[in-house]
Structure formats: C-alpha cells, structure tokens
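Only one structure is covered here, and it is reproduced in the block below.
The values are calculated or read from the model by the stated rules, or taken from the named source; none is laboratory data. What you are looking at is a predicted structure, and each value in this text was computed from that prediction instead of being measured. Note that we place each Cβ from the backbone using ideal geometry, even for glycine, and neighbour counts take in every protein chain shown. Accessible surface areas use protein heavy atoms only, side chains included; no ligands, DNA or RNA. Shrake-Rupley method; radii C 1.70, N 1.55, O 1.52, S 1.80 Å.
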Amino acid sequence: MREGYDVMQVCVNGHQINSSAQSMPQFNQPFCDQCGAETITACPECRTPIPGYYYASGVLSVSRVPVPNNCTQCGVAYPWRQATLASAVEIFELELDGQDASDAAALLPLIASDNPRTEVAALKLKRLMSKMAKPAYDITIKVISDLASETAKKTFGMKP
Ligand SMILES: [Zn+2]
Ligand SMILES: [Zn+2]
C-alpha cells in the first residue's frame, strides 16, 4: 500500500462523503445523501485535491478524518466554510448598526484561525455582539461556534 493522503469527497455544504475517494471510488457520490448538494474532491480555486485519509505503511487507523476548513495550497476557505462566514456576516448586518456590523465582519477571519490576534479579536467581537438582542445573540453564537478556533472559543466561553 502506498503512503500518503487519499482524496476526500465532500459536499459543498461540508458533509463528508468519502475520505478515500481515490482508493475506494465505489463509495463516491455525485450528490450528497444528506442535503442533496453537489460534491467536490478538489479546491474550486486551485484544483488541489482535498486531503483525505492518510495511509502510513503498517498502520491501520480507523479514526475519522475531519473535513478541512481551508485549502492548504492556496489558503482559500472551502465552500462550506464560506457559507458559514457569509451567514455570520448576514446576521451582523441585520442586527448591528452599520459601523458595528462591518467591524464585526472584519473580526471573523481573525477568530476563525489561531493567530496572535485571535484573543483580542474574540474579545472585541464578544463586546459588539453584546449589543444584540438575546435571540439574535444565541443564533450568532451557534454560527460562530462552527467557525471559531479553539482559542476564540475559550475567549467566548464556549465549550470546546
Ligand atoms: Zn451535504
Ligand atoms: Zn486551493
């Protein structure tokens, strides 16, 4: 058995179809059985295959491979990630005033990854979101918990 990454097939909404799309193509599907969306096996931007199951010689692992957030070759967010980002921005525009909404939207990419500014960004976003009404706040927290890095989740007081 060769060593290295297989290819992952994922629907554009982020449901994993097959983490061994190359070696076990019999499990591939053109459409998602959960949501009906089309499936992809490569980054829509740069066509790099989505990394799936990792084959190491002599090791058989049954652990599930998580669906990645960003393309490792071009850094662009995969479609499912972009959809979540877009819904968060939409809520901000609905629930916050102009300047606050654009400030909050600008903080999103910073809380979506672990970087030196994540904690400060999460703190600022938390403050902006405290201006929202409770129902909107609750929805936003749900959307953001899909995006937030571990560091950001801690700052938000979310359960990891
Ligand atoms: Zn799906
Ligand atoms: Zn790419």
Practice item. Would you check which residues across region 69-93 are of a type in the set (Val, Ile, Thr) and surrounded by fewer than 18 Cβ atoms within 10 Å (Cβ to Cβ) and list them? Key: Thr72, Val76, Val89
Exercise for review: Tell me, please, whether a residue that is buried (at least 17 other Cβ atoms within 10 Å of the Cβ), within 16 Å of ligand 1 (Cβ to nearest atom) and over 19 Å from Ala56 (Cα atoms) can be found in region 19-28.
Suggested key: no
Exercise for review: Report whether or not Pro66 is assigned to a loop (DSSP other than H, G, I, E, B), open to solvent by 30 Å² or more (accessible area, probe 1.4 Å) and away from ligand 1 (no atom under 16 Å from the Cβ).
Suggested key: no
Check your understanding: Are any of the residues in region 75-85 under 21 Å from Val10 (Cβ atoms) and in contact with a strand residue (DSSP E or B) (Cβ under 6 Å, 6 or more places away or on another chain)?
Key -> yes
Study note, to complete from the structure: Within region 1-18, the count of residues that are within 16 Å of ligand 2 (Cβ to nearest atom) and open to solvent by 90 Å² or more (accessible area, probe 1.4 Å) comes to 1
Check your understanding: Can you name every residue in region 19-55 that is assigned to a loop (DSSP other than H, G, I, E, B), farther than 15 Å from Val65 by Cβ and away from ligand 2 (no atom under 16 Å from the Cβ)?
Key -> Asn28, Gln29, Pro30, Cys32, Asp33, Gln34, Cys35, Gly36, Ala37
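To keep it simple, each residue is scored yes or no on (1) over 20 Å from Asp138 (Cα atoms); (2) among the polar types (S, T, N, Q).
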residue	(1), (2)
Tyr55	yes, no
Val67	yes, no
Asn70	yes, yes
Ala83	no, no
Ala86	no, no
Phe92	no, no
**Study point:** Total residues in region 109-139, condition out of contact with any Leu (no Cβ under 9 Å at 6 or more places or on another chain) and among the β-branched types (Val, Ile, Thr)
**Key:** 1
Check your understanding: Looking at this structure, is Gln34 free of Cβ contacts under 8 Å to residues at least 60 places away in the same chain, surrounded by 14 or more Cβ atoms within 10 Å (Cβ to Cβ) and among the polar types (S, T, N, Q)?
Key -> no
